[in-house]
Amino acid sequence: MTIESQNSGETLADQAIDWLVLLRSGSVSAKTRSEFEHWLQQDSAHLAAFADAEALWGTAAKVLKETQSVNLPPQRLDTVRKIRPVRRIAWNRGLATAASLLLGVWMAWTPLTDWMFGDYSTAVGEQKELVLADGSSVFLNTDTAISLDWSADKRRVVLLKGQAEFTVAKDISRPFEVVAGNTTVRALGTVFEVFEQASGAVDVTVSEHAVGVSLHDRPDAEPVRVEEGERLRYAGHGELNRAEPVNLNQINAWQRGKLIFRDQPLAEVVAELNRYAKAKIVLKGGDIKQLRVSGVFPLDDAAVLAALQKAFPIRSTQLGPWLIILHSR
């Protein structure tokens, strides 16, 4: 397997992660290993990127050893591309079927309402890139819906739900705005991301230049400026917080088909994974919610669940096509 060069738009960090996953797959040919050695020796930056990838992957081992609240084996997350069969336990078949059908109806109705009121949307697990009439582009993440409010003097996108990255074409006569919940985000530059969570909270992250964020119920307040490399987190009520520096490589990983976690509780990992999984994943038992997870994963719930079951004393039980329960062994 040949990892493409940086000209493809992929960062060195991504290339290093892809090589690491491949080398840990257990099925590496001599030709592939030779290609990896050639890539590794091309530049000192390649060596550094691969060392960083190994360090991130190995952080899980340290976290497991330091977790004293549960009896965890001192092992780290193995390759996420080797998927183990999921062990199942016996459940009442009628209860499982009823729970599955109820959850299925709820999940089907939610995207239907977004489809009715939105101009563009994505299903769970789907991503889509759009080019708007003015030349701006929008990259929709999983389970996202937007509507457009376009006229001769304005460019407005309403984020009905989900997460999207906006790359804005310059047009001095028509400002570009994104409305999400109680916030309006006005572009002052080129590239930014808006994520409206189910709770009503809104995250605004800027990759290039800056944006101004204001609240609908405080029209006289000065907009909060968010600069490149910063994120503003709004809880959905109260005042706007100040923007803070963030790791863009981690936050923007979804745009490269990856999920990156750095010493985060399992509850947070599952909440993020549920945005991409067609079957709802729930945790049973408070003792496993605080297990700490570090690693780099593909946007594949089956692969992530397999890796988690290798690293922790947990297993998954699937109830029909709509529900997966993670619980202690």
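The table below lists the values:
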item: Peptide ranges 260-266, 38-44 listed from the most packed, as the mean C-beta count within 10 angstrom indicates; result: 260-266, 38-44
item: Solvent-free Debye scattering, log10 I(q)/I(0), computed from the Cα coordinates of the stretch 264-308 at q = 0.13, 0.14, 0.21 Å⁻¹; result: -0.25, -0.29, -0.67
item: Pair residue 199, residue 271: separation of 7 Å Cα→Cβ label points (nm); result: 0.5 nm
item: Length released on extending from residue 28 to residue 45, taking residue separation times 0.36 nm less the Cα-Cα span; result: 3.8 nm
item: More than 27 angstrom apart: percent of Cα pairs within the stretch 135-272; result: 16 percent
item: Shape of the stretch 153-213, Cα gyration tensor, a/c cut at 1.5; result: prolate
item: Point-to-point label distance, residue 134-residue 241, nm (Cα→Cβ direction, 7 Å offset); result: 2.9 nm
item: Label-point separation, residue 37 to residue 282 (7 Å along Cα→Cβ), nm; result: 5.3 nm
item: Above-threshold pairs, the threshold being 23 Å between Cα atoms, out of 258/278; 154/258; 31/310; 161/280; 161/289; 31/128; result: 154/258; 31/310; 161/289; 31/128
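Where a number appears in this text, it was derived from the coordinates with a stated rule and is not lab data. Given the structure is predicted, the values throughout are model-derived calculations rather than measurements. Cβ: placed from backbone, ideal geometry, glycine included. Neighbour counts: every protein chain shown.
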